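The values are calculated or read from the model by the stated rules, or taken from the named source; none is laboratory data. All values derive from a computational prediction rather than experimental measurement. Note: ideal-geometry Cβ built from the backbone for every residue, glycine included; neighbour counts use all protein chains shown.
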Amino acid sequence: MSGGKIGRPRGRSGNTKQKIFETAIPMFMKKGYDNVSIDDICGKMGLTKGAFYAHYKSKDQLVVERILAADSHYREEIFPRLAAMNSVSDKLKLFCHLVFEHMEILGKNVIRTAYLIQIGHNAKLSGQMTEKRELYRIVEELIQEGQARREFRENSSSTDLTQVVMHNIRGLIYNWCLPSSQFSLLEAGEEMTEVLCSGLKAS
């Protein structure tokens, strides 16, 4: 069947879904989300639109899954790297650095689309990108560890402090995604986390 269209997957549907994902995301990153259609993705793969819709309801869903896949990366690949560090401030700084590094790899086109989804472009999908995400959980775990070790202030709850940290992280990434931005996300992120960790320190 070489050169022919792939119809609705049978038996190996998981492989087809993964291939759609692995084909579409680099196209978004290279050409821009708005410049890539479902027809373009299907054409590159030799796939029917029916087969695409058997796995994804929209392009937006692809982006959401990419962001949630990043959360798995944070938990499985990044978080274990922090275990050997003594200072919780240093753990938080490294974690944020690696998150910003991963954002740069994903690219502004994918992140911009994720923000559009989260602010209501697609209400159903925005519900998947909430404070229950692994990204929030890891930050709160670090805050809780810092409080337990009397390294971080205890006059605010770990949930409130997590919100402060996450608002700053997301705000910086949002500003980086603006068309007019010219700054390095990694450099700005290092400055920001230094200030955040100073504010978190127990008096």
Subject >> All positions within the range 152-203 that are outside any helix (DSSP H, G or I), surrounded by fewer than 18 Cβ atoms within 10 Å (Cβ to Cβ) and out of contact with any Phe, Trp or Tyr (no Cβ under 9 Å at 6 or more places or on another chain) >> reply: 153, 154, 155, 156, 157, 178, 179, 180, 181, 182, 203
**OP:** Confirm whether residue 106 is over 26 Å from residue 199 (Cβ atoms), surrounded by 15 or more Cβ atoms within 10 Å (Cβ to Cβ), modelled with pLDDT under 80 and under 17 Å from the mean Cα position of the chain (by Cα).
**Re:** no
**OP:** Answer yes or no as to whether residue 88 is assigned by TED's automatic domain parsing to the domain that holds residue 116, β-branched (Val, Ile, Thr) and touching a Lys or Arg at 6+ places or on another chain (Cβ under 8 Å).
**Re:** yes
**OP:** Could you tell me which residue of the range 32-53 is nearest to residue 118 (Cα to Cα), considering only residues that are surrounded by fewer than 17 Cβ atoms within 10 Å (Cβ to Cβ) and in contact (Cβ under 8 Å) with a residue 40 or more places away in the chain?
**Re:** 32
Subject >> Number of positions in the range 26-59 that are of a type outside the set (Lys, Arg) and assigned to a helix (DSSP H, G or I) >> reply: 18
